[in-house]
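The values are calculated or read from the model by the stated rules, or taken from the named source; none is laboratory data. No experiment lies behind these values; they were computed from the predicted model shown. Neighbour counts run over all protein chains shown; Cβ positions are idealised from the backbone, glycine included. Calculation scope for accessible area: heavy atoms of the full protein, side chains included, ligands and nucleic acids excluded. Shrake-Rupley method; radii C 1.70, N 1.55, O 1.52, S 1.80 Å.
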Amino acid sequence: MYNLSNLKNKRKYKKRVGRGTGSGHGKTCCRGHKGQTSRSGGTKGRRFEGGQTPLYRRLPKKRGFKNLLFKTEYLPINLEELNKYEKEADFSKFEKPVKILGSGEIKKALKVSAAAFSKSAVTKIEKAGGSIVKC
């Protein structure tokens, strides 16, 4: 049974520093004497490495294309690989987006659904009587 004597306080209070020597957190307020961390704003940030040249400045810079984090990488599939499908080739459920490339010949009229198509792949699919669906 709960009553006022056995209730636990779930709130964790913030440490109050600088409230006199009797509190145990007075004078230097748990920061020690002198030095960088005893000053206000004493931390220099996550990338600071104590004055040595930081890692992001030591690494060589990559020239050219800068959008490496956000570029979409396609999984390439050639037309000749589509010949093993019967009526429909659906690549919308792959983990990477699929791009159909135009190398090889297609012998069937297929309904092909993929994320991207090359121009030569589109002409060859439509020439064989098939259709494309972008998903």
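Key figures for this structure:
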item: Estimated dipole of the chain in Debye, rounded to 20 [Cβ of Lys and Arg +1, of Asp and Glu -1, Cα centre]; result: 1760
item: Amide H contacts of Ala89 (H built 1.01 Å from N, under 5 Å, at least 5 apart or other chain); result: Lys111, Val112, Ser113
item: Heavy-atom accessible surface of segment 32-135: percent carbon and sulfur, 1.4 Å; result: 52
item: Theoretical FRET efficiency, 1/(1+(r/R0)^6), r = Cβ-Cβ of Glu105 and Leu59, R0 41 Å, to 0.05; result: 0.30
item: His25 accessible area, 1.4 Å probe, all protein chains in place, Å² to nearest 10; result: 60
item: Size of electric dipole in segment 75-134: Cβ of Lys, Arg +1 and of Asp, Glu -1, about Cα centre, debye, nearest 20; result: 140
item: Cleavage-rule hits (chymotrypsin sites (Phe, Trp or Tyr not before Pro)) in segment 50-135: DSSP loop, at most 11 neighbouring Cβ within 10 angstrom; result: Phe65, Phe70
item: Using θ = phi - 60° and Karplus 6.51 cos²θ - 1.76 cosθ + 1.60, couplings along segment 32-44 (whole Hz; Gly, Pro as x); result: x, 9, 6, x, 4, 7, 7, 7, 6, x, x, 7, 9
item: Accessible area per residue in Å² at 1.4 Å probe, computed on the chain; result: 87
item: J(HN,Hα) series, segment 79-91, from Karplus relation 6.51 cos²θ - 1.76 cosθ + 1.60, nearest Hz, glycine and proline x; result: 4, 5, 6, 7, 5, 7, 8, 8, 10, 9, 10, 10, 10
item: For the chain, calculated [θ]222 nm from helices alone, where every DSSP H run of n ≥ 4 adds -39500 (n - 2.57); result: -2500 deg cm²/dmol
item: Phe117 long-range amide H proximity, modeled H, under 5 Å; result: Ile100
item: Segment 44-135: GluC sites (Glu not before Pro) in DSSP loop, at most 10 other beta carbons within 10 Å; result: Glu73, Glu86, Glu95
